[in-house]
1. May I ask which residue of B:THR175, B:ALA236, B:ALA9 lies farthest towards the positive end of the charge dipole of chain B, with charges of +1 (Lys, Arg) and -1 (Asp, Glu) on Cβ and the Cα centre as origin?
2. Quick one: Kirkwood hydrodynamic radius for the range B:2-249, alpha-carbon pairs, angstrom, one decimal?
3. Rank B:SER199, A:VAL215, B:PRO164 by how far each Cα sits towards the positive end of the charge dipole of the protein assembly as shown (+1 on Lys, Arg Cβ; -1 on Asp, Glu Cβ) and give me just the farthest.
4. What residue among B:THR94, B:THR19, B:THR27 has the largest mean-square fluctuation in a Gaussian network model of chain B, using Cα springs under 10 Å?
5. Which helices count as membrane-span-like in chain B under these terms: full DSSP H, at least 15 Å along the axis by C-alpha, Kyte-Doolittle mean of 1.0 or more?
6. Using the Cα centre as the reference, give the magnitude of the dipole from point charges on the C-beta atoms of the protein assembly as shown (Lys, Arg: +1; Asp, Glu: -1; all else neutral), rounded to the nearest 20 debye.
7. Pick out which of B:LEU146, B:LEU122, B:LEU224 has the largest mean-square fluctuation in a Gaussian network model of chain B, springs linking Cα atoms closer than 10 Å.
8. Out of residues 5 or more away from A:GLY64 or on other chains, whose amide H comes under 5 Å of its own, with H placed 1.01 Å from N in the peptide plane?
Amino acid sequence: MDSSESIRTSGLSRTFATPRGPVEAVRGVDLTVRRGEILGLLGPNGAGKTTTLRMLTTLLAPTGGTATVAGHDLARDPAGVRRRIGYVAQSGGVDPAVSVREELVTQGRLYGLRGPRAEERAEELARELGLTELMERPCGALSGGQRRRLDIAMALTHRPEVLFLDEPTTGLDPGSRADLWDLVRRVRAEWGTTVVLTTHYLDEADALADRLVVVDRGTVVAEGTPTELKTRHAGSPDATLQDAFLAVTGRGPAPRDTTPVAV
Amino acid sequence: MRTLLSDTALVFGRYARQTLRSKAAMTFGALMPALYLVLYGPLLTDVPLGGAGSSWQVLVPGLLLQLALFGASFAGMGLIIEKQHGIVDRMRVTPVSRLALLLGRVLRDAALLTLQAGVIVLVAVAMGLRAPLPGILLGFAFTAALALSLAALSYALAMKAAAPMAFAPVVNGFTMPAMLLSGLLLPMSLAPGWLDVLSHVMPLRYLVDAVRAAFVGHYSDPALIRGALTALALMAVSVTAGTRYFRRAGA
Ligand SMILES: Nc1ncnc2c1ncn2[C@@H]1O[C@H](COP(=O)(O)OP(=O)(O)O)[C@@H](O)[C@H]1O
Ligand SMILES: [Mg+2]
């Protein structure tokens, strides 16, 4: 893998055994993500986006294929991968009954910081992500947008090379979504962090991602910058991503009622 | 090794604080054995139970292990809720030791249940229990060992189960036969031959026999050795199984 690459996968697959037979959630995904890139994994619900992210973050063992993440082989050196990545699941990952400060400090210690250093780091993160006023609140008392900022602060504790975000703006109001896009851009600009995010919102993919990988039924069906995808699949750079997406998958990215802000 | 210890302390601290926040978690588990003690114990005082010692020396060991059995078997329920909040994945994605993720949790459970066992013994002494102190301390050790083992198995099951609805029936299907087949409420020496034989397939029985021997001061009784070996084997198997599931989650 060349040093300008942050992630490379080859034939990455995951099949789940279920009582109703095997489910091929991810079928041979080949991906390359450049260092410092914001990559959008775009696809309808059930496309295999979460499963792909859970494999790349060492949470789920692939049933096929290989991957290198932040210079470390996923299968041979999962611990090396874990030290260099941050992950925010769609559900987040904080206990509603625990205070923001306690969660940030615990996270620092999970990443190996000693007590006083973990407390300093919690303060730093809170300043950088605008959480200072909220430190003593229980996480359950935060708004959706504040919760997301906390989730991202937790994932940035150890200044990871790669940040994985699973549907980071699903369920947020339009103002909070725009703030979160700014935050993701700022993280990349300030620390050169590579960001891989999944979304089924076309406007988000268009506005935030440098490059898109469209997945459908567990495979990559198209790939390129938003402009390339529009030109190649909808005939013009001025077409909408919706037209390109329809041309690629034959349907919209999600039911209309759950995506009021989709294009 | 140093990381394993400090990681375990970190995870233990997090869950100990969680328990301290919840008065219900601290008291509710001890309620059932306390009720047995107060409302069922007095029925036995004049009943011939066989073996040495008073009826309290037979009943209280059973109640301590019953406390561990029911308290620890349901420990996984909390983990299922944490999984739904994404907390388990958030921790597993950090470099923290997988063994520590399990050990920190099961040590919290063992500590809480041993503390509750202490309260049960205090109440029992007030009701009339007289037993040697080393025997009582051995009883706590067996309570802690059983709690640790069953909590580890419960977390393993919870890592696999998708929802509480898939978890609770399995645990119920295990705890009831375990209680009835181990002679927790009355010694198996009172049982007809077939039931006594059948009860020997239940590992918990050896722990019950061992604590009863300890409570009457029979420290060289083979039952005590058998119980100790069973407890060690149980702990080894369950911690290994539990850690496996923290390493590679099914769902
Ligand atoms: N643990 C699992 N067991 C069985 N099937 C699963 C499991 N996780 C995901 N799937 C299935 O795999 C497919 C892809 O799911 P997912 O990766 O969550 O998609 P997305 O995140 O794109 O919505 C879906 O059909 C889903 O039902
Ligand atoms: Mg998903």
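Coordinate-derived values only; no laboratory data. Just so we're clear, the structure is a prediction, and the values are computed from it rather than from any experiment. Don't worry about glycine lacking a Cβ; one is built from the backbone with ideal geometry, like all the others, and counts go over all protein chains shown.
1. The one lying farthest along the dipole's positive direction is B:ALA9.
2. That comes to 18.5 Å for the range B:2-249.
3. Comparing the listed Cα positions along the dipole, B:SER199 ranks first.
4. Judging by the Gaussian network model, the answer is B:THR94.
5. Details: long enough: B:2-21 (29 Å, -0.19); B:23-35 (18 Å, 1.14); B:55-73 (27 Å, 1.35); B:98-127 (44 Å, 1.68); B:133-160 (41 Å, 1.67); B:164-181 (26 Å, 1.29); B:203-215 (19 Å, 0.68); B:222-247 (38 Å, 0.90).
For chain B, where a helix must reach 15 Å along its axis and average at least 1.0, the hits are B:23-35, B:55-73, B:98-127, B:133-160, B:164-181.
6. On the way: 52 positive and 43 negative charges, 188 e Å.
In debye, rounded to 20, the protein assembly as shown gives about 900.
7. B:LEU122
8. Correct list: A:SER13.
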